[in-house]
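The next block holds one structure in the form of structure tokens; read it before the comments.
The values are calculated or read from the model by the stated rules, or taken from the named source; none is laboratory data. Just so it is clear, the model here is predicted, and its values are computed rather than measured. Please note: Cβ atoms are built from the backbone with ideal geometry, for glycine as well, and neighbour counts cover all protein chains shown. These area figures cover heavy atoms from the full protein model, side chains too; ligands, DNA and RNA do not enter into them. Shrake-Rupley method; radii C 1.70, N 1.55, O 1.52, S 1.80 Å.
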Amino acid sequence: MVDVTDDSPGPRRTRLGPAQRRAQLIEQGLELLADRPLEQISVDEVAEQAGVSKGLLFHYFASKHDYHVELVRCIGRDLVEYTAPDEGLEPIEMLRGTLVAYVDYVTRRRDMYVSILRGATSGDPDMRAAFEDTRAALVDRTVAHLPAIGIEPTPAVRLAVRGWVAFVEDTTIAWLRDPELTRDEFVELAIAALSGVALAAHSLHSPAGDDARVGDAAPAGGALSDRFREGTPAASS
């Protein structure tokens with residue numbers, strides 16, 4: 001199916017295929033999100049800006065709610081892609097680069113980011129499920145790189161990383177509202193937090209035995225901690 005042209009007065013609609021038209025409507029919503037929270041995105045304005053009728057928008061999205069959910073899914077995919085790690089770097093530098101990209105991404109989209117995680121629509125089950133897909137992708141990616149520094153992806157480690165992702169989300173919002181730390185200081189805080197929770201989870205199944213815990217003098221734990229901190233300003237000073 002191809003959109004029919006609109007002969008009514010006003011801007012003429014360009015013929016687009018279904019996939020192109022859907023992408024255009026999403027892109028229009030993302031542009032509006034640049035300066036307003038999600039709950040203020042009006043389908044009437046989106047349709048007007050795209051030069052189509054509201055009825056055509058609802059041909060592609062069942063409701064305003066479904067349209068908003070699709071916007072959140074698109075933002076999540078874009079965030080994961082934008083923060084993709086440079087696989088050519090050492091693990092810590094890879095993590096640092098990903099976190100810098102993450103902070104830069106949400107800083108440029110502050111209102112959008114805060115509205116999705118803390119706004120009026122954040123309690124909606126469909127919205128939560130859409131952003132949960134983003135969290136899961138970030139957790140999967142982080143866990144997949146931990147074996148490079150000797151941390152196996154056990155259930156405890158995965159749970160710890162999931163908690164770390166939530167920590168980064170929450171502290172990012174607090175930092176955006178009151179940036180008492182520099183961006184680089186904030187990034188180093190996030191790296192240190194991942195080091196702490198990942199090593200704590202790893203120690204639960206440490207080869208040193210059930211008595212091995214973070215803070216013990218087990219050589220394996222100390223070596224892992226050193227590898228995790230390697231390359232940070234504290235280690236090089």
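Annotations
- Region 1-51: number of residues that are at pLDDT 80 or above and among the β-branched types (V, I, T): 4
- Test result for T142, polar (S, T, N, Q) and under 20 Å from V157 (Cβ atoms): yes
- Residue within region 61-82 that is over 30 Å from R15 (Cα atoms) and without any contact (Cβ under 8 Å) to a residue 24 or more places away in the chain present: yes
- Boolean, A62 is on the phi < 0 side of the Ramachandran plot, out of contact with any helix residue (DSSP H, G or I) (no Cβ under 6 Å at 6 or more places or on another chain) and modelled with pLDDT of 95 or more: no
Conditions tested, residue by residue: (1) touching a residue at least 40 places away in the same chain (Cβ under 8 Å); (2) surrounded by 15 or more Cβ atoms within 10 Å (Cβ to Cβ); (3) out of contact with any Pro (no Cβ under 6 Å at 6 or more places or on another chain).
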{"residue": "A120", "(1), (2), (3)": "yes, no, yes"}
{"residue": "F131", "(1), (2), (3)": "yes, yes, yes"}
{"residue": "T134", "(1), (2), (3)": "yes, yes, yes"}
{"residue": "R141", "(1), (2), (3)": "yes, yes, yes"}
{"residue": "V157", "(1), (2), (3)": "yes, yes, yes"}
{"residue": "A160", "(1), (2), (3)": "yes, yes, yes"}
{"residue": "F167", "(1), (2), (3)": "no, yes, yes"}
{"residue": "T172", "(1), (2), (3)": "yes, yes, yes"}
{"residue": "R183", "(1), (2), (3)": "yes, no, yes"}
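- Against the test of being within 13 Å of the chain's Cα centre (by Cα) and aliphatic (A, V, I, L, M), the options I173, I151 yield a single qualifying residue, I173.
- Index of the failed condition, R108 passing every other in (1) under 13 Å from the mean Cα position of the chain (by Cα); (2) open to solvent by 60 Å² or more (accessible area, probe 1.4 Å): (1)
- With respect to the conditions (1) modelled with pLDDT of 90 or more; (2) out of contact with any Pro (no Cβ under 8 Å at 6 or more places or on another chain), L146 falls short on a single one, namely (2).
- Among the candidates G55, G51, G88, G97, the residue that is at positive phi, surrounded by fewer than 18 Cβ atoms within 10 Å (Cβ to Cβ) and not acidic (D, E) is uniquely G51.
- Selection within region 64-85 - among the aromatic types (F, W, Y) and surrounded by 17 or more Cβ atoms within 10 Å (Cβ to Cβ): Y67
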